Every structure is written in C-alpha cells, then in structure tokens.
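Heads up, the thing below is written out as structure tokens.
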C-alpha cells in the first residue's frame, strides 16, 4: 500500500507539471504511468511550439495557453531547459489575399488586447525578417510571443526535479479500477494498491476511460493523428504559417517551425486515427505537408525524417477540466493542442482546486 496526498495518473508533460507543482507546495505525490518512462504518449509527438493564438479566444484552452505561455520563461530557466522565443508570421500569397490578412489583423488585435504585439508587414520589410519566403508571399502578420521548447529535455528535467521534491514514480503501472471511501481513493493497479486523498487524471489519450472508471462520463476522445516532417538547412527566424485562421477548427493548421536543435519541423497535419495506438502515416500525408508548406519558401531544405503524434480530440472542442470534490478526483480530458503551452497553467489550476481556492 502506497499512501500519498495526491495520486496522478499519467506521466506526460501535463501530469509531470501537475506533480511538480503539487510537490513544490509540499504535497506528497505519486505518479502511475503505464509506459516504462515519462513523456512516452501524447507528449512524444509534439511539434514543440509554445503558442499564442488559440481560437476562439474565449475558450478555456485559449485562456490557459496564454497564461501558460507567460510562465515558460521562468520555468525553463529554473529547470535548465532550452526555450527559443521567436515571432510567428501568418502569411498570404498574392495580393487578392491581403484583405483577409487585414481582417485577421483587426481580429487578432482585438482578441489579444495588447497582451502580445501584432504587426503588418509586406514586400521588402517582410523579407528583412524572413529572407527565405517565396517571392509570391506578399504580406504577413507578425505575432510576437511564440517560442519552441526542447520537449525531451523538459520531460527529463521535470521528472528529475519532481523526484528531488519527493514525487514517487511507478512506471509500467496500469490502473485497473478505483474504490472510493471516506476521504480516500484507492487505485487498484498492476503494481499494487495506491491510496490517496485526491486523484488527478492526466492520462492523455486514455483520460476518457480513466474518468469513466472514476464514475464520470465526460465524453469519448477521438485519436487525432498528426504527421510532421523534419528538415535541415533552412535556418528560419520565425514560425511561418499560411492564413486563414479557422475559428472552431480541430487544428491551427500547422506551420514551418524552427526547432531548438537547429532543424525545422513542418506540420502537423490532422486526421482521425484508426485507434489510439495508430501511429502509421502514408505517402499521402507527407504529400499534403509538401503541397501546403513547400510553396511558402524559396528552398525546401533536406528531409531528415518523418514522425507522428496522436492527440486526444476533445468531444467539446475544448479542454475538459472537471473537479469532483465529493469524489476527490480531478479529470483532465481532451488536453489536445495547445496542451504543452497550457500545461503549467493547468497545474496551477489543479493545485487551486485541491487547495479549495477559487480557480
């Protein structure tokens, strides 16, 4: 029997941030994770972007992403993790698309309310910032405040620092059922019983199944497969994405992303996978990346590899953060993109819920 104040199910980046935050407040925490190490699920298929824009602006995931964005500089500095800040360029090809760019400029200025700077560029001024843009890319919006983070280093640092703070990790440990008693939740797992005052469900793709085991039907998660290609030899200074922005879309549409290791990530695409374990991509997926993003640049660079990730597509198209004080459970369901950006803000929210403070 392992006793803890809080048990966290899932050691992806969200679960790690939650455990780290709770342990910093002096709480005794245990994490159970079915994989043999941290960050092996949804976290492993990240495009590494720290986001600013998430539409609609009034959604929970938009608010938490903007809050989490502001937290990353201090967190990465304290953890010794590389975070590269850079702007995003939302660009259009051809002068007929410029009116749409002007509409997007006004919309983003109003939505971001001065929290992040938004500017218009065209022609030579645009290429002063990004010389590799194709000749027919005529104008763009620059949104400051974006960045890319070394996700592998972030996972490793959160794991190590959480262990230093006393968090117990149980890898290769599957939750089978839960029993609820007065003031305690007992998790029946393949590595023994774990008894805790509170349980946090941060199980990523399987958070819907865990919430059901906790007696909460919060909807079914669909697995969204994203395909990304990694290139060398580009040396971009900005994240580059084509307009339009789509309010209510399942995806922000992907981008050309300068990674922290000097390579460039292109993507992701998004389609519903055949299963939560499906990671297979096709030539058609790669062709879609090439057709969408290739024409934005003068050169394509050298293709190094293609990889995939699967995100938990929320049934509400927004994060579902459900706190059941009577059941002593917090369910984090549908934490899809921008979950990486929002993760430290989600951790703060969980701490406030458990502490009984206004979230």
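Please treat every number below as a calculation from the coordinates, not as lab data. Everything numeric here is computed off the predicted structure, so don't read it as measured data. Note that we place each Cβ from the backbone using ideal geometry, even for glycine, and neighbour counts take in every protein chain shown.
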Across 208, 152, 74, the residue with the highest GNM fluctuation in the chain (Cα network, 10 Å cutoff) is 74
So for region 33-176, Kirkwood radius off the Cα pairs, Stokes-Einstein at 37 °C and 0.692 mPa s: how many µm² s⁻¹?
-> 184
Order of 265-274, 118-127 by packing, highest average Cβ count within 10 Å first?
-> 265-274, 118-127
Across 5 Å bins from the origin, how do the percents of Cα pairs in region 1-103 run, short distances first?
-> 2, 9, 13, 17, 19, 15, 9, 6, 4, 3, 2, 1, 0, 0
Whole-Å semi-axes of the chain's equivalent ellipsoid (Cα gyration tensor) | 38, 20, 18
P(r) for region 1-56: what percent of alpha-carbon pairs falls in each 5 Å bin, starting at zero?
-> 4, 18, 22, 19, 16, 12, 7, 2, 1
GNM top mover of 34, 276, 302 - the chain, alpha-carbon springs below 10 Å | 302
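For a protection proxy built on the mean count of beta-carbon atoms within 10 angstrom, sort 326-336, 104-114, 307-317 highest first, please. Walk me through the numbers before you get to the answer.
Numbers: 326-336: 23.3, 104-114: 14.4, 307-317: 19.6.
My ranking of the peptides, most packed first, is 326-336, 307-317, 104-114.
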Cα shape, region 105-165, gyration tensor, a/c 1.5 rule = oblate
Over the alpha-carbon set of region 175-288, work out the extent along each principal axis and list the three values in angstrom, largest first.
-> 58, 28, 28
Please give the contour-minus-distance gain from residue 317 to residue 128: 0.36 nm per residue of separation, less the Cα-Cα distance, rounded to one decimal in nm.
-> 64.3 nm
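For a footprinting-style exposure proxy, rank 174, 29 by other Cβ within 10 Å, fewest first.
Numbers: 174 15, 29 25.
Lowest count first: 174, 29.
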Gaussian network model of the chain, springs between alpha carbon atoms under 10 Å - residue of 194, 31, 210 with greatest fluctuation = 194
One can check that the equivalent ellipsoid of region 171-241, built from the alpha-carbon gyration tensor with semi-axes equal to the square roots of five times its eigenvalues, has lengths in Å, largest first, of 39, 15, 12
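At 222 nm, what value in deg cm²/dmol follows for the chain if DSSP H runs of at least 4 each add -39500 (n - 2.57) and the sum is divided by all its residues, to the nearest 500?
Values: 8 runs with 103 residues, N = 359.
It comes out at -9000 deg cm²/dmol, rounded to the nearest 500.
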Residues in region 14-57 near a label at residue 3, defined as backbone nitrogen under 14 Å from the 7 Å Cα→Cβ point?
-> 28-29
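Against the empirical 2.2 N^0.38 Å scaling, what ratio does the C-alpha Rg of region 60-122 come to?
Numbers: Rg = 15.2 Å, N = 63, 2.2 N^0.38 = 10.6 Å.
Relative to the 2.2 N^0.38 Å estimate, region 60-122 comes out at 1.43.
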